[in-house]
Amino acid sequence: MKKPGINLSEVKERNRASVLRLLCTAPSITRSELSEQLCLSPMTVTNITSELLGARLIEEVTPLSHVKAPGRTPMLLRIAPDSPVVAGVLLTKCHVFGILSDLSLHPLGRAHCTLDEGETEQSILKKIFSIVRQLLACTTRPCCGLGISAAGVVNPENSGIAYITDFFGVQSMELREPLETRFGFPVYVYNDMQAAGLCELYFGWGRQEESFLYVGVTNGLGAATVMHHEPLDACGEMGHISVDSDGPHCNCGSNGCLELYASTTAILRRIGQECGVHLTDLAQAAQLAMRDRTAYTIFYNAASRLAYGINNYLNLISVPLVILGHDGVFLPEELLGEMEKLVVRMNVAMHQNRTRPRFVCSSFGDEAPMLGSICTVLLQMFRGSYPIERLLSQSAGAAGE
């Protein structure tokens, strides 16, 4: 049976989405650079950018420095200062963080609240509503969408949390429908690891490497994989890889899960027991490890366990770069080198592609999952899934006010 082809309308949408992606993720760019990087004709690029300029979504600026040469000075293009904004929410097991940004991930406002003992699904939703209202109050520009970066397993329709443990007795939670009903713009829900991976893909290490593994250390452990500039649709629950079948029982139902040894919760609990101190976050624990041998040993053992889990991933999906994020950015720096050495010694897949996996920290410190909430909306635009006509009309409407 003959497969259906791609019509001209779909080609136009794809080209427009590709141009928008480069305009959003580059500080500024010329038409010739767009044409060269996207392998599009100069006429196609001119037509698309003229449409975006006409809607006031982007603007032209004169380069600050330019080598004089015959002909016109190539103008730079960038996202316009009055273009629509994106709201983002990071939902953890303890907090709700909010951020508002433009289409180039420049923050315009922030908000935060704590989740307290005895929360319910309805009380958590009310706090998310409040955070979004605070964000929208930061600007008069139209909001084109809301991205939710959430702990737990997100359902295939990206409409809410399908499964989560240790979350005030809540095991699943619908997010998209109540938020879209309340605010009237599109809402996209992604796992916080996947969201952080998108942030690195568009604005971080993804500019240098086309494939990588993002590993987030928090009260659990998760991962997101990007292959050839595309995020893989995978659950990413690295924390529930069993590394000891005779180990302690995990809430997921298995035994000896990796997060029982190498998560933020596990490290802080172990340091508290063996060092007789009470620490609230991994940054404090890392500072202690620099002057306390017992604390450092606990970090070393946790990092070694984590390296084994990462190696399991890399033997299945081989990538040249491992990015440590979330609380993982607070691991003592020399331990990243030790983890890299351990994985290189064990890894089998690298003999296929002859590339040694490299370990680095996130480009955004511990903020990748929060900034990634914005990127869940940008992903739809860059794939052509978001109605660009809506974005253009919003931008043009805001410019005309």
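Numbers for the structure displayed
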read-out	value
Near pairs, Cβ below 8 angstrom, 6+ apart or cross-chain, from the stretch 254-267 (in a strand (DSSP E or B)) to any residue that is of a type in the set (Asp, Glu) and surrounded by fewer than 23 Cβ atoms within 10 Å (Cβ to Cβ)	Asn255/Asp244; Asn255/Asp246
Qualifying residue in the stretch 87-94 (condition: more than 30 Å from Phe167 (Cα to Cα), open to solvent by less than 30 Å² (accessible area, probe 1.4 Å) and either polar (S, T, N, Q) or at pLDDT 95 or above (or both))	no
Residue count for the stretch 76-99, restricted to those that are in contact with a Pro (Cβ under 7 Å, 6 or more places away or on another chain), of a type in the set (A, V, I, L, M, F, W, C) and either free of Cβ contacts under 8 Å to residues at least 40 places away in the same chain or not in a strand (DSSP E or B) (or both)	0
Qualifying residues in the stretch 6-38 (those that are among the aliphatic types (A, V, I, L, M) and not in a helix (DSSP H, G or I)) - the one most open to solvent (accessible area, probe 1.4 Å)	Ile6
Tally, over the stretch 265-276, of residues that are of a type in the set (S, T, N, Q) and open to solvent by less than 10 Å² (accessible area, probe 1.4 Å)	0
Which numbered condition Leu391 fails, given (1) modelled with pLDDT of 90 or more; (2) hydrophobic (A, V, I, L, M, F, W, C); (3) touching a strand residue (DSSP E or B) at 6+ places or on another chain (Cβ under 7 Å)	(1)
Qualifying positions in the stretch 225-241 - more than 26 Å from Leu260 (Cβ to Cβ) and not β-branched (Val, Ile, Thr)	Met227, His228, His229, Glu230, Pro231, Asp233
In the stretch 100-112, residue most open to solvent (accessible area, probe 1.4 Å) [restricted to those that are part of a strand (DSSP E or B) and of a type in the set (A, V, I, L, M)]	Leu108
In the stretch 128-151, residue most open to solvent (accessible area, probe 1.4 Å) [restricted to those that are in contact with a helix residue (DSSP H, G or I) (Cβ under 9 Å, 6 or more places away or on another chain), over 14 Å from Phe183 (Cβ atoms) and assigned to a loop (DSSP other than H, G, I, E, B)]	Thr140
Residue in the stretch 308-317 that is outside any strand (DSSP E or B), closer than 22 Å to Arg270 by Cα and free of Cβ contacts under 8 Å to residues at least 40 places away in the same chain present	no
Any hit, the stretch 385-393, residues being surrounded by 14 or more Cβ atoms within 10 Å (Cβ to Cβ) and among the acidic types (Asp, Glu)	no
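The values are calculated or read from the model by the stated rules, or taken from the named source; none is laboratory data. Here the structure is a predicted model, which is why all the values come from computation and not from measurement. All Cβ positions, glycine included, derive from the backbone under ideal geometry; neighbour counts span all protein chains shown. We work out accessible area using only protein heavy atoms, side chains counted, and drop any ligands, DNA or RNA first. Shrake-Rupley method; radii C 1.70, N 1.55, O 1.52, S 1.80 Å.
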